[in-house]
1. Taking D425 and the conditions (1) assigned to a helix (DSSP H, G or I); (2) open to solvent by 70 Å² or more (accessible area, probe 1.4 Å), which numbered condition does it fall short on, given that it satisfies the others?
2. For E283, indicate whether it is touching a residue at least 40 places away in the same chain (Cβ under 8 Å), open to solvent by less than 40 Å² (accessible area, probe 1.4 Å), closer than 27 Å to L124 by Cβ and among the charged types (D, E, K, R).
3. For the condition open to solvent by 30 Å² or more (accessible area, probe 1.4 Å) and either in contact with a helix residue (DSSP H, G or I) (Cβ under 6 Å, 6 or more places away or on another chain) or not in a loop (DSSP other than H, G, I, E, B) (or both), what is the one hit in R478, R494?
4. Hey, could you check the range 454-487 for residues that are touching a Pro at 6+ places or on another chain (Cβ under 7 Å) and either at pLDDT 95 or above or of a type in the set (V, I, T) (or both) and say which is nearest to K338 (Cα to Cα)?
5. So D312 fits all but one of (1) more than 30 Å from A420 (Cβ to Cβ); (2) in contact with a Gly (Cβ under 7 Å, 6 or more places away or on another chain); what number is the exception?
6. Do you know which residues across the range 439-463 are of a type in the set (A, V, I, L, M) and either in contact (Cβ under 8 Å) with a residue 60 or more places away in the chain or open to solvent by less than 10 Å² (accessible area, probe 1.4 Å) (or both)?
7. For the range 7-45, give me the residue count where each residue is in a loop (DSSP other than H, G, I, E, B), within 26 Å of the chain's Cα centre (by Cα) and not aromatic (F, W, Y).
Amino acid sequence: MSKIFETPLYPYERSSDQDAVSPVNHPVIVIGAGPVGLAAAIDLAQQDVPVVVLDENDKVSFGSRAICFSKRSLEIMDRLGCGDAYADKGVVWNLGKVFFGDRKVYDFNLLPEDGHKRPAFINLQQYYCELYLVDRVRELQAEGKPIEIRGNSKVTALEAVERCNRLTVETPDGPYDLTCDWLIACDGAGSPTRRMMGLDFVGRVFEDNFLIADVTMKADFPTERWFWFDPPFNKGQSALLHKQPDGVWRIDLQLGWDIDKEDEKKPEKVIPRLRQMLGEEVEFDLEWVSIYTFQCRRMEKFRHGRVLFAGDSAHQVSPFGARGANSGFQDAENLAWKLKLVLGGKAHESLLDTYDAERVFAADENILNSSRSTDFITPKSEMSRIFRNAVLDLAEHHAFARPLVNSGRLSLPSTYDGSALNGPDAKGLPSRTRPGAPASDAPLGEDWLLKSLGGDFTLLGLGRDIPDIFMIEGVEIRGISVRRDEMSDALRERYLGDADGAVYLLRPDQHVAARWVDYDESAVRDALMTAIGKTAE
């Protein structure tokens, strides 16, 4: 397994930019070749926006790190061209169990309804996530798409001015300068970009620490998420068990606040803890160990002039709930189509203020859910602990109490209720597909709805005839007409309810922009103008 960590995927190569007389300008530079930075770069390159990715490393991340990738992330990966690679390698799961002490309290199913291409979650180590994204970059380069990754290229200085960003990049051959019209900072929770700009997070740091251990073992645990409150092998604390590919298991153990982190990561400390959990008879090997502290924080703004922050550089949440990488992918997809329109002169750069508004809204939603999970998992007072334990006791026998149990509300994509980009909403249509909501997948003929939508503005006519393609203000809208006899039950349920037909305008990130019960070209034009941040005339 160590081979994947040791192999340079984008080794340093001298660029012609380093020999230029004056700094070369690029439309977009992304700092950070982690999952979010690569996703943003791929999204832009697929739309023929030239992009350069800079990273001080040249390999995948060491250790599994993010492992739980949600249905929505897999749908985004489908659009970016690597969804099958994720799904084929990942460990698929929808089921989970919650334990209190040595008792099973209840189990749950995250995807109880049929009619979805992708499962609720897969578990996949972050190094595979990054590997498949880099593979996709190489495919795009072979197709002639304008994307480049520069490894061993560390940004050491940044001057952000009104119309341009100037960067100094340190390489094995020495430093050189670049400029760019737009800079996307995806350089992690400790973001040097954020630090160079004198910016910081606001939010909470929780007084608790958790041990992460990736172990290889042969075990007959089912492919489910198992969470323990106050387990016998970690009294007074909590624990989590997840299966990953290649016979690797993720184990999280709560340690408490007042610990020596470096000492707790030593094998002689970790192995006895794991033996208490797994049993003396189970053979295992440590692959990776880390310790994290709960943090639920974000930047006040994600847009600062022509510098845009995404992923962990913009926000942090506790790992219970799998909201980190998943929300980062949603940042990237929200940003890419807007930046494409701005660079193409089809939208004013103020459209990017809606990236800030929508993704800050999503970050606050994630932070709220993450904070509530953390407060339930780690009670801050004896009274809170008594309440939590009473809820767990009730949940074992009474279904009404189970929604109160919070072992990490698992990641769902945000619905941008109240967004300035939302258009009209027709009464009587299902709430789950209202304006601002991510489109729900459903079978469509021999394929799937989201695959048909792709990454363009799309007008979906359900039981309504609409044009195949038309242009508004230079923006192309593809039309898809679906007859009632072509609709699956899931499609009707999720998009029509009791209505006999409807028309949906969907954004390039597959969020609903507006919907009507009948087709009206003038209304569609007005809604498109709203969705690209222009006032309809």
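1. That leaves (1) as the condition not met.
2. Numbers: touching a residue at least 40 places away in the same chain (Cβ under 8 Å): yes; open to solvent by less than 40 Å² (accessible area, probe 1.4 Å): no; closer than 27 Å to L124 by Cβ: yes; among the charged types (D, E, K, R): yes.
No.
3. Details: R494 fails: open to solvent by 30 Å² or more (accessible area, probe 1.4 Å).
Only one candidate qualifies: R478.
4. Of the residues in the range 454-487, the ones touching a Pro at 6+ places or on another chain (Cβ under 7 Å) are 455-457, 479.
This time we only want the ones that are either at pLDDT 95 or above or of a type in the set (V, I, T) (or both), so: 457, 479.
Details: F457: 12, G479: 20 Å.
If we take residues in the range 454-487 being touching a Pro at 6+ places or on another chain (Cβ under 7 Å) and either at pLDDT 95 or above or of a type in the set (V, I, T) (or both), then F457 is nearest to K338 (Cα to Cα).
5. Only one criterion in (1) more than 30 Å from A420 (Cβ to Cβ); (2) in contact with a Gly (Cβ under 7 Å, 6 or more places away or on another chain) is unmet by D312, namely (1).
6. In the first step, residues of the range 439-463 are kept if they are of a type in the set (A, V, I, L, M); the result is 439, 442, 444, 449-450, 453, 459-460, 462.
Correct list: A439, A442, L449, L450, L453, L459, L460, L462.
7. Taking the range 7-45 first, the residues in a loop (DSSP other than H, G, I, E, B) are 7-15, 20-23, 32-34.
Of the ones still in play, those that are also within 26 Å of the chain's Cα centre (by Cα) are 7-10, 32-34.
Adding the requirement that they be not aromatic (F, W, Y) leaves 7-9, 32-34.
Number satisfying all stated conditions: 6.
Rundown of residues vs (1) assigned to a loop (DSSP other than H, G, I, E, B); (2) crowded, with 20+ Cβ neighbours inside 10 Å; (3) among the basic types (K, R), yes/no style:
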residue: E113; (1), (2), (3): yes, no, no
residue: K145; (1), (2), (3): yes, no, yes
residue: A189; (1), (2), (3): yes, no, no
residue: V202; (1), (2), (3): no, no, no
residue: D208; (1), (2), (3): no, yes, no
residue: T216; (1), (2), (3): no, no, no
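The values are calculated or read from the model by the stated rules, or taken from the named source; none is laboratory data. Remember, predicted model here, so these are calculated numbers, not experimental data. Using ideal geometry, Cβ is built from the backbone for each residue, glycine included, and neighbour counts are taken over all protein chains shown. Ligands, DNA and RNA are stripped out before the accessible areas are found, and what is left, the full protein with its side chains, is counted by its heavy atoms. Shrake-Rupley method; radii C 1.70, N 1.55, O 1.52, S 1.80 Å.
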